[in-house]
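**Q** Take this structure, written in structure tokens, and hold onto it; I'll ask about it next.
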Amino acid sequence: MGDSQSAANRKAIPPEAAPTPQIIVGLGNPGAKYDRTRHNVGFMLVDELARAWQISLSENKKFQGIFGEGSGPHRDKVRLLKPQTYMNLSGQSIRAVVDWYKLPPESVLVVYDDMDLPLGRLRLRLSGSAGGHNGMKSIISHLGTQNFPRLRIGIGKPKSPAPADKNADKETVSHVLGQFSRSETEVLSAVLRLCEDAIALSLKQSTEKAMSLYNNRVAGE
């Protein structure tokens, strides 16, 4: 599939040529200490999809992740994955699944957190850079391309000191590895439902159609 150096040089897939997602990957970190933290919203969404679509998830050592396959909301074949490699090695797990099923990278939909989006917002894209996200850096490196869809879920920025403050990085880490407050959890539940609807539409029609309908939506409105 090429190497990471060629990733930025490849032309993006035209929206009309983008394949339907065949595997939905939620990013996060394994272990109880990271459970339900902001950085693990990708895991949370995959769990929600598994419940809604009645897909059983279990450990798959070959894929280095929690994996399941079954039927999506429109009876289409779909696979769900939560890499258990820790965030910055997520690409290893995804590459193992892609190679095993001989899937094109463009059929992989990756779900992850984004501090640049406020809580309650989501953003679907057909391709793009890692944007500083370590999980995405690993995936782009292992797939050798940036041309795969991704769904970013807003977690908002920390109430941190000014960027020049030496504590800013510490505040950021504390924010992404912290848990949602009670009021935030209500908004999170609503945005996860929006994400589920957006993915269902991606599977039924296209990711481009889902982008047009859901990228400007705000959970709870």
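The values are calculated or read from the model by the stated rules, or taken from the named source; none is laboratory data. A quick note: this is a predicted structure, and the numbers were derived from the prediction, not measured. Neighbour counts run over all protein chains shown; Cβ positions are idealised from the backbone, glycine included.
**Q** Taking the condition of being in contact with a helix residue (DSSP H, G or I) (Cβ under 8 Å, 6 or more places away or on another chain) and part of a strand (DSSP E or B), how many residues in region 20-65 meet it?
**A** 6
**Q** I need a count of the residues in region 66-75 that are outside any strand (DSSP E or B), surrounded by fewer than 15 Cβ atoms within 10 Å (Cβ to Cβ) and on the phi < 0 side of the Ramachandran plot.
**A** 1
**Q** With respect to the numbered conditions (1) crowded, with 17+ Cβ neighbours inside 10 Å; (2) at pLDDT below 95; (3) not β-branched (Val, Ile, Thr), which one is the sole condition not fulfilled by residue 12?
**A** (1)
**Q** Among the numbered criteria (1) of a type outside the set (A, V, I, L, M); (2) free of Cβ contacts under 8 Å to residues at least 12 places away in the same chain; (3) more than 19 Å from residue 36 (Cα to Cα), which one does residue 141 miss?
**A** Result: residue 141 fails condition (2) only.
**Q** Do we find that residue 110 is β-branched (Val, Ile, Thr), over 16 Å from residue 45 (Cβ atoms) and either touching a Lys or Arg at 6+ places or on another chain (Cβ under 7 Å) or at pLDDT below 95 (or both) in this structure?
**A** On the way: β-branched (Val, Ile, Thr): yes; over 16 Å from residue 45 (Cβ atoms): no; either touching a Lys or Arg at 6+ places or on another chain (Cβ under 7 Å) or at pLDDT below 95 (or both): yes.
Against the criterion (β-branched (Val, Ile, Thr), over 16 Å from residue 45 (Cβ atoms) and either touching a Lys or Arg at 6+ places or on another chain (Cβ under 7 Å) or at pLDDT below 95 (or both)), residue 110 does not qualify.
**Q** So residue 92 ticks every box in (1) out of contact with any Pro (no Cβ under 8 Å at 6 or more places or on another chain); (2) modelled with pLDDT of 95 or more but one. Which box is left unticked?
**A** Result: residue 92 fails condition (1) only.
**Q** Another question, if that's okay. Being more than 18 Å from the chain's Cα centre (by Cα) and among the acidic types (Asp, Glu), is that true of even one residue in region 54-61?
**A** yes
**Q** I'm trying to understand the selection: among the residues of region 113-132, which are within 17 Å of residue 42 (Cα to Cα), without any contact (Cβ under 8 Å) to a residue 60 or more places away in the chain and out of contact with any Gly (no Cβ under 9 Å at 6 or more places or on another chain)?
**A** Across region 113-132, the qualifying residues are 130, 131, 132.
**Q** Working only within region 141-160, note down all residues that are of a type in the set (A, V, I, L, M), closer than 27 Å to residue 170 by Cα and surrounded by fewer than 24 Cβ atoms within 10 Å (Cβ to Cβ). If you could, list the steps in order and put the result at the bottom.
**A** In the first step, residues of region 141-160 are kept if they are of a type in the set (A, V, I, L, M); the result is 143, 151, 153, 155.
In the following step, the residues that additionally are closer than 27 Å to residue 170 by Cα were identified as 151, 153, 155.
Within region 141-160, no residue meets the criteria.
**Q** Oh, and also: Considering only residues that are out of contact with any Pro (no Cβ under 9 Å at 6 or more places or on another chain), of a type in the set (A, V, I, L, M, F, W, C) and at pLDDT 95 or above, which ones fall in region 140-168?
**A** Once the filter is applied, which keeps residues that are out of contact with any Pro (no Cβ under 9 Å at 6 or more places or on another chain), of a type in the set (A, V, I, L, M, F, W, C) and at pLDDT 95 or above, region 140-168 yields 140, 151, 153.
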